[in-house]
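Below is one structure, written out as structure tokens, with a few remarks after it.
The values are calculated or read from the model by the stated rules, or taken from the named source; none is laboratory data. Small disclaimer: the values here were computed from a predicted structure and weren't measured. Ideal geometry is used to build each Cβ from the backbone, glycine not excepted, and the neighbour counts take in all protein chains shown.
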Amino acid sequence: MSAFPRIPALVSRAGAASVLTAATVTASMLLPGLSGDAQAVTAGQGALKVAASKKGSPYQYGAAGPNRFDCSGLTLYSFKKVGKTLPRTAAQQYNKTRHLSAGSRQAGDLVFFHSGSNVYHVGIYAGDNKIWHSPKPGASVRLEKIWTGSVWYGRVN
């Protein structure tokens, strides 16, 4: 006897056009992790994965990938890969994000380094007070601890 005795009756009533829907319902009953309550990956989390995949790519001023990056070029490239558009510079990117407190930051948010009101660097927050970024000439894309308290946070909408 089937563990789900009503499923064949549901499928037969559903008709050919709804077989896919019935299969999805069945799959969600058999595999709860695939159901609609599973948390979707945010654009920021996707961009974070893209940035991490570029580990070791060399810094080059003005470069936005796919093999060389400056700081804002890495964030621009990473978010573009997940369907989000950002302007080119760190300061312009800050102005296009929803600003957050440090307590509200999440993995995938942007971290903007500033001196006074001047934004001079950006990276993607990875959690645990670390960012993925392309730091400076002679260095490459890497995961690094945030080294200063002079940062602002922004979320790409």
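In this structure, Ile124 does satisfy being touching a helix residue (DSSP H, G or I) at 6+ places or on another chain (Cβ under 6 Å), among the β-branched types (Val, Ile, Thr) and modelled with pLDDT of 95 or more. For Gly73, the stated conditions hold: it is closer than 21 Å to Lys130 by Cα, modelled with pLDDT of 95 or more and surrounded by 14 or more Cβ atoms within 10 Å (Cβ to Cβ). Yes or no: Arg98 at pLDDT 50 or above, among the charged types (D, E, K, R) and within 21 Å of the chain's Cα centre (by Cα)? Yes, satisfied.
Beta carbons closer than 6 Å, at least 6 apart along the sequence or on distinct chains, pair a first residue in the stretch 65-91 that is hydroxyl-bearing (Ser, Thr, Tyr) with a second that is in a loop (DSSP other than H, G, I, E, B) for Ser72/Thr89; Tyr77/Gly65.
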